[in-house]
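One structure below.
The values are calculated or read from the model by the stated rules, or taken from the named source; none is laboratory data. Just so we're clear, the structure is a prediction, and the values are computed from it rather than from any experiment. For neighbour counting, all protein chains shown are included, and Cβ atoms are generated from backbone atoms with ideal geometry for every residue, glycine included.
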Amino acid sequence: MSVKDVPQSLVDELRTVFLEELEAKGTDTIHPKDLERVKRSDHWLQRFLAHQKQSVPKASKMMFTSLLWRKEFKVNDINENNIKMDLIIKGCFFTYGKDIMGSTLLVFRGKLYKGSINQDELRKCVIYWMERAERLTEGEPITLFFDMDGCGLSNIDMDLMKYLIGLFKEYYPFFLNLIIIFEMPWILSAAFKVIKSWLPEEAIEKIKFVTKKDINTVVPSEDILKSWGGNNPYVFNFIPEKKPAVESNNIYSKKVHFSDGSPMSDQQPYSEPEDDGPLKVYPSDLITFVREKNELASTLVVRNMDVTKQVVFKLKTTSPEKFKVKPSMGRLDPGADEGIKVTLLQGFQLGGLSKDKFLVMSCVVDGEESLNLDLAEFWKNPGGRKVYQNRLRCVQNEEIKCANVTTGSQFETWARVVDLLVDLKNTQKELTESVSRNQKIQLFGLTVIVVFVAVMFAVLNTTIDELYNKESYCPYTSKP
């Protein structure tokens, strides 16, 4: 059974049955985008019918289950602006490569997962990748790839596994091709026996257990990563999804003016601005401000992707009176990166953040030229050079505990930057707690020693006095 085997007559019948039932329940019970999809997408309805073996009643029931869940969970509203980006950037989930049947792999890297992660945040990240994969493949089946290499009991979460399987069973029709379980540790074998019990019989046949020795039986050699025993050098690096811009909602559809506190207009002698270029900015389109003690702050990372040339950069903003930017300009050696901290100054209302934007400009310069380059003078007149631009919108998200971070020049990817900061914060917290404990122990020990010395001194002093008094007043006895 495949989607192509579903006749158009069944699609039309399913659409009619569903819409009639929806009319009785009320069209507001499902999201408007999903309703439009029901009306226009034959392929989507074919998937429900294929999933339910061409049974219109069962397919209609599954559609209601799926679409009610989508509205309740706000699936259509999940995007990079409202999910926990440190989980996304870390790379617990990502899409890459294909299986031997041509289905895109949705990879779950088990060793990066810890059960202490907030489940609601984690599920939103999972849905983000499910929706992104569905758009990427245009609804064609994908393969769930569990990378369990290096995992232990702390990396397994039965609720997460059950949730993942439930998504394919209940909400994403005919979307699962295979479940590949790579390098399953023997200690987790019992857990996956339980997982098998959650699957229908036909789905159990889709599970493939492989190791580095036989992964080529399910994944073509060109898509086998080095960490999987292959030669593909790919290392996960999060790239925001590019979607067609809706003109009315495009934040860049109208002209905005950026300033750095000094006069600078669009009429200055700049070359035609171009996007991208050798300078990459992380995050690429948003500055997410989080609360740090009594201030709102965020940190960008700029990286020179060119391994042969130097790059100079400068930040401008539409509201220079609101923000402190450090550094606001600089130069990067080939392959180098730098963190830029942006702080909202005290006294400004948070409600206006969504209207504020930043512009990161960059130019490629020769090595000898950059040695004595006055950056302030350079940016007054770049001299006809290509000026690349990255535009970012400001948002505030109190829920993200670790949004943007600084980095050093040795990091290979943004994901490693996030890992480093998380580890650093955890280490700092542990160190602080350890120092506090040690101080209390030392203070207690010092108190005990002082008390002990005082007692010993009092005892010895009393003993000496008694001996002295005894010797002084002992009666003299003359010889006979």
Checklist entry - Of the residues P173, P185, P200, which single one is modelled with pLDDT of 80 or more, under 23 Å from L45 (Cα atoms) and either of a type outside the set (D, E, K, R) or in contact with a helix residue (DSSP H, G or I) (Cβ under 8 Å, 6 or more places away or on another chain) (or both)? => result P173
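Filter the range 65-93 for residues that are of a type outside the set (A, V, I, L, M, F, W, C) and touching an Asp or Glu at 6+ places or on another chain (Cβ under 8 Å); which is surrounded by the most Cβ atoms within 10 Å (Cβ to Cβ)?
Step one: of the range 65-93, the residues of a type outside the set (A, V, I, L, M, F, W, C) are 65-66, 70-72, 74, 76-77, 79-82, 84, 86, 90-91.
Next, from what is left, pick out any that are touching an Asp or Glu at 6+ places or on another chain (Cβ under 8 Å): 65-66, 70-71, 76, 80, 84, 90.
Numbers: T65: 12, S66: 19, R70: 18, K71: 17, N76: 14, E80: 17, K84: 22, K90: 24.
Ranking the qualifying residues of the range 65-93, first place goes to K90.
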Checklist entry - Out of (1) within 30 Å of F236 (Cβ to Cβ); (2) outside the structural domain of T137 (by TED's automatic domain parsing), the odd one out for Q52 is which? => result (1)
Item to check | Scan of the range 21-38 for residues that are surrounded by 11 or more Cβ atoms within 10 Å (Cβ to Cβ) and more than 11 Å from K71 (Cβ to Cβ), ordered by number | outcome: E21, L22, K25, R37, V38
Next on the checklist: When the residues of the range 124-151 are narrowed to those that are charged (D, E, K, R) and surrounded by fewer than 18 Cβ atoms within 10 Å (Cβ to Cβ), which ends up modelled with the lowest pLDDT?
Outcome noted: D149
Checklist entry - Inside the range 153-166, can you point out the residues that are farther than 16 Å from K193 by Cα and at pLDDT below 85? => result S154, N155
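Let me confirm something: among K124, K33, K61, K111, which residue is of a type in the set (K, R), free of Cβ contacts under 8 Å to residues at least 12 places away in the same chain and either assigned to a helix (DSSP H, G or I) or touching a Phe, Trp or Tyr at 6+ places or on another chain (Cβ under 9 Å) (or both)?
K61
Quick one: would you say F192 is modelled with pLDDT of 80 or more, of a type in the set (A, V, I, L, M, F, W, C) and in the same structural domain as F108 (by TED's automatic domain parsing)?
In short, no.
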Next on the checklist: Residues that are exposed (fewer than 13 other Cβ atoms within 10 Å of the Cβ) and touching a residue at least 12 places away in the same chain (Cβ under 8 Å): list the strands (runs of 3 or more DSSP E) wholly contained in the range 313-392 that include at least 3 such residues.
Outcome noted: none
Checklist outcome for this item: Taking the range 130-151 and keeping only residues that are under 21 Å from T217 (Cα atoms) and in contact (Cβ under 8 Å) with a residue 40 or more places away in the chain, one is left with I142, T143, F145, D147, M148, D149
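For (1) surrounded by fewer than 21 Cβ atoms within 10 Å (Cβ to Cβ); (2) over 30 Å from C151 (Cβ atoms), each residue gets a yes or a no:
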| position | (1), (2) |
| --- | --- |
| S60 | no, yes |
| M63 | no, yes |
| T95 | yes, no |
| V107 | no, no |
